[in-house]
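The values are calculated or read from the model by the stated rules, or taken from the named source; none is laboratory data. What you are looking at is a predicted structure, and each value in this text was computed from that prediction instead of being measured. Cβ placement follows ideal geometry from the backbone for every residue including glycine, while neighbour counts extend to all protein chains displayed.
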Amino acid sequence: MITSFIFDLDGVIVFTDRYHFLGWKQLADEEGWKFDDTLNHQLRGVSRMESLQIILDHNGLDFSQQQKEEFAARKNRYYQTLLDDISQDDVYPGAVEFVQQVRTRGLRTALGSSSKNADRVLKALEIDTLFDAVVTGNDLTRTKPDPQIFQLCAERLGSPPAAECVVFEDAESGIAAALAAGMHAVGVGDADQLPNAAQVIKEYSEIDLDTLIASGRIR
């Protein structure tokens, strides 16, 4: 039986991908680096420093650690400025209602995001009270596909057995992290972008909650 529901943030509860894209694009344009939608897709579920490294590798570039940290800090400043425009239009359709439905069953909910700005996003959209526990990039020493993020979510939910947890993720690295933790996983988005997800939804209305609670399967 599923007792604990764990959600990624970007692409699962809200759409902040475009803000991340615009932040990286501004940095790339200023530095004369190549950066497009295809490369941006590789950054899903990846930390800021790892994202920067992917961009640098794509461009055949290397810099000192101090320079990399300065680049990452610049991108984050651009991203935070862009977040001033975040609104309810950026919430994934049906996500809030689904989490509320889960909570009415007396089940526990957590948010696990590698973003260090997750708390700000939740508060800006006034959805921070939807989750019994929140884990962000500020809490982590290892990033996805390492299972640390979801193990920490479970710990903050009272340490339910991994088999009682289901994770909702839109990135391959997140699906891998959930499976490595021994948890059930539901992919959110396009199935062809999540080949290792045994079950994928595009809309939360596709889920039969009773079946999911009983078996870990969405229908």
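I'm trying to understand the selection: among the residues of the stretch 158-212, which are more than 16 Å from the chain's Cα centre (by Cα), modelled with pLDDT under 95 and either surrounded by 14 or more Cβ atoms within 10 Å (Cβ to Cβ) or on the phi > 0 side of the Ramachandran plot (or both)?
Across the stretch 158-212, the qualifying residue is only ALA198.
Look through LEU9, LEU52, LEU22 and report the one residue that is in the same structural domain as GLN193 (by TED's automatic domain parsing) and either at pLDDT 95 or above or out of contact with any Leu (no Cβ under 9 Å at 6 or more places or on another chain) (or both).
The unique qualifying residue is LEU9.
Within the stretch 6-13, is there a residue that is within 30 Å of ALA163 (Cβ to Cβ), in contact (Cβ under 8 Å) with a residue 12 or more places away in the chain and touching a Pro at 6+ places or on another chain (Cβ under 7 Å)?
no
Here are some residues: VAL14, VAL46. Which one is buried (at least 18 other Cβ atoms within 10 Å of the Cβ), modelled with pLDDT under 95 and either among the hydrophobic types (A, V, I, L, M, F, W, C) or touching a strand residue (DSSP E or B) at 6+ places or on another chain (Cβ under 8 Å) (or both)?
VAL46
Take the stretch 6-33 and flag every residue that is among the charged types (D, E, K, R) and in a helix (DSSP H, G or I).
If the condition is that a residue be among the charged types (D, E, K, R) and in a helix (DSSP H, G or I), then ASP17, ARG18, LYS25, ASP29, GLU30, GLU31 are the ones that fit.
Looking for something in contact (Cβ under 8 Å) with a residue 60 or more places away in the chain and farther than 25 Å from SER205 by Cβ - is there at least one such residue anywhere in the stretch 26-40?
Checked against the condition, which is being in contact (Cβ under 8 Å) with a residue 60 or more places away in the chain and farther than 25 Å from SER205 by Cβ, the stretch 26-40 yields no hits at all.
If we scan the stretch 133-147, do we find a residue that is closer than 10 Å to ILE6 by Cβ, assigned by TED's automatic domain parsing to the domain that holds SER115 and of a type outside the set (Val, Ile, Thr)?
Looking through the stretch 133-147, at least one residue is closer than 10 Å to ILE6 by Cβ, assigned by TED's automatic domain parsing to the domain that holds SER115 and of a type outside the set (Val, Ile, Thr).
Regarding the stretch 86-98, can at least one residue be identified that is touching a residue at least 40 places away in the same chain (Cβ under 8 Å) and under 17 Å from CYS165 (Cα atoms)?
Yes, because at least one residue in the stretch 86-98 is touching a residue at least 40 places away in the same chain (Cβ under 8 Å) and under 17 Å from CYS165 (Cα atoms).
Considering only the stretch 34-43, state which residues are surrounded by fewer than 15 Cβ atoms within 10 Å (Cβ to Cβ) and assigned to a helix (DSSP H, G or I).
ASP37, THR38, HIS41
If you go through the stretch 47-68 one residue at a time, how many are more than 30 Å from LEU212 (Cβ to Cβ) and in contact with a helix residue (DSSP H, G or I) (Cβ under 8 Å, 6 or more places away or on another chain)? Don't jump to the end; show me each part of the working.
First pass over the stretch 47-68, keeping only residues more than 30 Å from LEU212 (Cβ to Cβ): 48-68.
Now restrict to residues that are in contact with a helix residue (DSSP H, G or I) (Cβ under 8 Å, 6 or more places away or on another chain): 48-49, 51-56, 58, 62-63, 68.
Matching residues across the stretch 47-68 total 12.
Looking only at the stretch 180-195, which residues are in a helix (DSSP H, G or I) and either closer than 18 Å to SER114 by Cβ or not charged (D, E, K, R) (or both)? Write out each step before concluding.
Going through the stretch 180-195, the residues in a helix (DSSP H, G or I) turn out to be 180, 191-193.
Once the filter is applied, which keeps residues that are in a helix (DSSP H, G or I) and either closer than 18 Å to SER114 by Cβ or not charged (D, E, K, R) (or both), the stretch 180-195 yields ALA180, ALA191, GLN193.
Please specify each residue of the stretch 126-147 satisfying the condition of being under 19 Å from SER173 (Cα atoms), surrounded by fewer than 19 Cβ atoms within 10 Å (Cβ to Cβ) and of a type in the set (S, T, N, Q).
Of everything in the stretch 126-147, those that are under 19 Å from SER173 (Cα atoms), surrounded by fewer than 19 Cβ atoms within 10 Å (Cβ to Cβ) and of a type in the set (S, T, N, Q) turn out to be ASN138, THR141, THR143.
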